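Written below as structure tokens is the structure these notes are about.
The values are calculated or read from the model by the stated rules, or taken from the named source; none is laboratory data. It should be emphasised that the depicted structure is a prediction, and the values quoted were computed from it without experimental measurement. Cβ coordinates were reconstructed from backbone atoms using ideal geometry, including for glycine residues, and neighbour counts include every protein chain displayed. Remember, those area values only see protein heavy atoms, side chains included, never the ligands or the DNA or RNA. Shrake-Rupley method; radii C 1.70, N 1.55, O 1.52, S 1.80 Å.
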Amino acid sequence: MSTADGYPLRVADRARTLAELDTLLVECRACPRLVAWRERTAHEKRAAFLDHEYWGRPVPGFGPTDAPLLITGLAPAAHGANRTGRMFTGDRSGDLLFATLYELGLASRATVTGPDDGLELFGVRVTAPVHCAPPDNRPTPGERDTCRPWLAREARLLRPTLRTVVALGAFGWQAALTALGEAGWEVPRPRPAFGHGVRATLTPVDGTGSLTPDGTGGPLTVFGCYHVSQRNVFTGRLTRDMLRGVLAEAAHAAGLPVEDPPRQG
Ligand code: SF4
């Protein structure tokens with residue numbers, strides 16, 4: 001469905017549960033360039049995946065609906081989540097992320113292959129500010145803004161339990177802060193700059209708690225972390241220890257127990 005049908009701005013706000021949100025999200029066709037790319041990639045496929053049935057649609061968030069920790073990146077990879085239909089699954093970025101979550105006791109498996117691999121996340125949900133795979137992994141500012149209502153609504157629905165967010169990369173950081181501002185938290189001014197290991201505290205805005213009439217939903221700590229992209233990992237900009245350090249801090253701040261020392265995959 002396109003922007004002319006109210007996608008996603010008006011439609012996302014209708015969702016009363018994350019399951020409803022996901023059902024609406026996967027029908028979204030609001031960004032013509034991304035719709036064409038995700039479908040073309042799914043049709044042409046990569047040689048290694050010729051016998052795979054690509055998802056080729058918007059990729060929903062993944063993880064428990066009462067997660068206190070949300071990890072948000074950039075967008076699905078063309079032959080990763082755009083193929084498997086599950087966020088951060090099917091490419092090397094996800095391999096590192098899930099292996100590290102496993103080490104910390106926040107995931108049931110160290111290796112992931114696809115939606116039928118039995119992966120479970122414990123207290124953690126993974127999502128993205130742009131839900132369709134973009135060419136060259138680069139959504140335009142307009143596509144980022146068009147997609148924002150999905151992330152804002154996801155955070156709003158998580159609000160009763162959500163305590164920490166890990167934003168991967170500068171793009172994820174900026175997009176997350178704006179979406180969280182729309183979801184009912186006040187973003188500090190001037191807006192905190194992205195950096196690996198930086199953190200920002202967002203306070204709930206009074207009068208925006210229609211989904212949390214009992215007053216649940218508290219301050220939120222947002223952690224910056226270099227993106228788990230292949231380039232960052234290959235160049236050593238992001239090491240496994242660095243990723244584990246930020247995820248462990250965020251989990252701790254969210255009240256989640258973590259394995260210490262980390263378990264082996
Ligand atoms: Fe819809 Fe977001 Fe995909 Fe654009 S990127 S088509 S807004 S789901």
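Under 8 Å between Cβ atoms, which residue pairs at least 6 apart in sequence (or on different chains) link something in the range 112-139 that is without any contact (Cβ under 8 Å) to a residue 12 or more places away in the chain and closer than 24 Å to residue 256 by Cα with a partner that is open to solvent by 20 Å² or more (accessible area, probe 1.4 Å) and among the small types (Gly, Ala, Ser)?
Qualifying pairs under 8 Å: 118/108.
Would you confirm whether any residue within the range 146-160 is within 15 Å of residue 224 (Cβ to Cβ) and within 15 Å of the chain's Cα centre (by Cα)? Steps first, please.
Applying the first criterion (within 15 Å of residue 224 (Cβ to Cβ)) to the range 146-160 yields none.
Within the range 146-160, not a single residue is within 15 Å of residue 224 (Cβ to Cβ) and within 15 Å of the chain's Cα centre (by Cα).
Looking at the range 172-190 only, could you name the residues that are part of a loop (DSSP other than H, G, I, E, B) and either among the basic types (Lys, Arg) or under 17 Å from residue 227 (Cβ atoms) (or both)?
Quick first cut of the range 172-190, residues part of a loop (DSSP other than H, G, I, E, B) only: 183-184, 187-190.
189 - this is the single residue of the range 172-190 that is part of a loop (DSSP other than H, G, I, E, B) and either among the basic types (Lys, Arg) or under 17 Å from residue 227 (Cβ atoms) (or both).
Scanning the range 124-136 for residues that are farther than 21 Å from residue 70 by Cα and either assigned to a helix (DSSP H, G or I) or among the small types (Gly, Ala, Ser) (or both), which turns out nearest to the ligand (Cβ to nearest atom)?
So the first thing to find is which residues in the range 124-136 are farther than 21 Å from residue 70 by Cα, and the list is 134-136.
When the remaining residues are screened for being either assigned to a helix (DSSP H, G or I) or among the small types (Gly, Ala, Ser) (or both), the result is 135-136.
Numbers: 135: 12, 136: 15 Å.
My answer is 135.
Could you tell me whether any residue of the range 156-164 is open to solvent by 10 Å² or more (accessible area, probe 1.4 Å), away from the ligand (no atom under 16 Å from the Cβ) and at positive phi?
no
List every residue pair whose Cβ atoms lie under 6 Å apart, where the two residues are 6 or more positions apart in sequence or sit on different chains, the first residue falls within the range 16-32 and is modelled with pLDDT of 95 or more, and the second residue, located anywhere, is more than 9 Å from the ligand (Cβ to nearest atom).
18/65; 18/157; 21/15; 21/153; 22/60; 24/11; 24/15; 25/60
Looking at (1) out of contact with any helix residue (DSSP H, G or I) (no Cβ under 7 Å at 6 or more places or on another chain); (2) β-branched (Val, Ile, Thr); (3) under 20 Å from residue 180 (Cα atoms); (4) open to solvent by 60 Å² or more (accessible area, probe 1.4 Å), find the lone condition where residue 23 falls short.
Only one criterion in (1) out of contact with any helix residue (DSSP H, G or I) (no Cβ under 7 Å at 6 or more places or on another chain); (2) β-branched (Val, Ile, Thr); (3) under 20 Å from residue 180 (Cα atoms); (4) open to solvent by 60 Å² or more (accessible area, probe 1.4 Å) is unmet by residue 23, namely (3).
For the range 101-145, how many residues meet the condition of being closer than 22 Å to residue 239 by Cβ and under 16 Å from the mean Cα position of the chain (by Cα)?
So the count comes out to 6.
With respect to residue 244, determine if the residue is in a helix (DSSP H, G or I), farther than 19 Å from residue 186 by Cβ, modelled with pLDDT under 95 and not small (Gly, Ala, Ser). Write out each step before concluding.
Numbers: in a helix (DSSP H, G or I): yes; farther than 19 Å from residue 186 by Cβ: yes; modelled with pLDDT under 95: no; not small (Gly, Ala, Ser): yes.
In short, no.
Here are 77, 99, 81: which of them is in contact (Cβ under 8 Å) with a residue 12 or more places away in the chain, farther than 21 Å from residue 174 by Cα and surrounded by 20 or more Cβ atoms within 10 Å (Cβ to Cβ)? Even if it seems obvious, please write down each step before you answer.
On the way: 77 fails: farther than 21 Å from residue 174 by Cα; 99 fails: surrounded by 20 or more Cβ atoms within 10 Å (Cβ to Cβ).
Unique residue meeting the criteria: 81.
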